[in-house]
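The values are calculated or read from the model by the stated rules, or taken from the named source; none is laboratory data. Quick caveat: nothing in here was measured; it's all calculated off a predicted structure. As a convention, Cβ positions derive from the backbone with ideal geometry for all residues, glycine included, and neighbour counts pool all protein chains shown. Ligands, DNA and RNA are stripped out before the accessible areas are found, and what is left, the full protein with its side chains, is counted by its heavy atoms. Shrake-Rupley method; radii C 1.70, N 1.55, O 1.52, S 1.80 Å.
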Amino acid sequence: MCLGLAGCGDGGGTERAQAGPSGGAASTPAAPASPSPAPAKTAPSPSKSPAKSPSKPPAAPGGPLSGKTVVIDPGHNPRNHLHTAAISRQVDIGTGRKECDTTGTATNGGYAEAEFTLDVAHRLRDLLRAQGATVLLTYDGDREFGPCVDERARIGNAAHADAVVSVHADGSAAGNRGFHVILPAPVRGGGADTSKIVAPSRDLGTRIAGLFVRSTGSSPSNYVGGKTGLDVRKDLGGLNLSTVPKVFIECGNMRDPQDAALLTSPGWRQKAAQGIADGISSFLKG
């Protein structure tokens, strides 16, 4: 997510333990004789972003991924910066406590990570649904902030997802380039127990990394993961609290001009979505 920048947190990245975005017309009923007074508005709780539970997606067509469920987690939220008190509250991530969410990073030109992640998530959803998968997003412009990192994990768990991918972009120093996939470390403590997902998550992440290279032409990170494109972490609540195979992908470094030129290109974002989709498909097909 980001290195040494304000707004970093459980978005992956290189900050490690640092904290840091119908049918026909309806009939019109008769007007009441005397209108009722408008109900008083209730302010949303600062501890939870108002949102509906992820709705059931439209039926996917038949295809090689029919019967499989994938959850896509677009990192951060474009409106997190308007709710800094709410997203800075601490939540339990199993190994300790961490911010509910963060604002994310941005390119030097102002293209926000949260905009990038939602765009790639939409492209990825379309590609997976075309193969017959049932696809859920942890949020889709339907909430004012968040969700918190622990809730993001619960959404994947509740869906009994066959795979979950959290989409991000990093915010490291210029000159640091490339993508990396973050895998869950063996963690057990509090509400966290990754013992059953470490191996399948590594398989998922390895396939995504290899096919991301093929689709995008990008190289594995030159600053994280020893140029393998893989990194293992135990400080991310989204991974620690997952009970289903899950990885994060940092698609590039938004603060490097060359990577930023890719991340801001719609054509490249389609290639990125294709690479991630190919990796997920390979994993689900075994």
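Specify the inter-centroid distance of region 189-224 and region 133-150, based on alpha-carbon positions, in whole Å. When both Cα centres are located, 21 Å separates them.
Grab the other residues whose beta carbon is less than 9 angstrom from that of residue 180, score K and R as +1, D and E as -1, and report the net. Numbers along the way, then the final one.
Details: positive: none; negative: 170, 231, 250.
With Lys, Arg at +1 and Asp, Glu at -1, the net is -3.
Along region 262-273 the Karplus relation, 6.51 cos²θ - 1.76 cosθ + 1.60 evaluated at θ = phi - 60°, assigns HN-Hα couplings of 6, 4, 8, 8, x, x, 5, 4, 5, 5, 4, 4 Hz to successive residues, with x for each Gly and Pro. Peptides 121-128, 144-151, 190-197, 241-248 ranked from most to least packed by the mean count of surrounding Cβ atoms within 10 Å: 241-248, 144-151, 121-128, 190-197. Karplus-based coupling profile of region 236-251, in residue order and whole Hz: 10, x, x, 8, 4, 8, 6, 10, 10, x, 8, 9, 10, 10, 8, 6, with θ = phi - 60° in 6.51 cos²θ - 1.76 cosθ + 1.60 and x standing for Gly or Pro. Rounded is the label for region 82-196. Its Cα gyration tensor axes, ordered a ≥ b ≥ c, give a/c under 1.5.
The phi-based Karplus calculation (6.51 cos²θ - 1.76 cosθ + 1.60; θ = phi - 60°) puts the 3J(HN,Hα) values of region 113-119 at 4, 5, 5, 4, 5, 6, 5 Hz, whole numbers, x for Gly and Pro. Among residues other than residue 204 with Cβ under 10 Å from its Cβ, the summed charge is +1 (Lys and Arg +1, Asp and Glu -1). Surface composition of region 86-208: carbon plus sulfur atoms hold 48% of the accessible area, using a 1.4 angstrom probe and ignoring ligands, DNA and RNA.
Antiparallel beta bridges, as assigned by DSSP with both residues in region 146-273, represent about 30 percent of the total such bridges.
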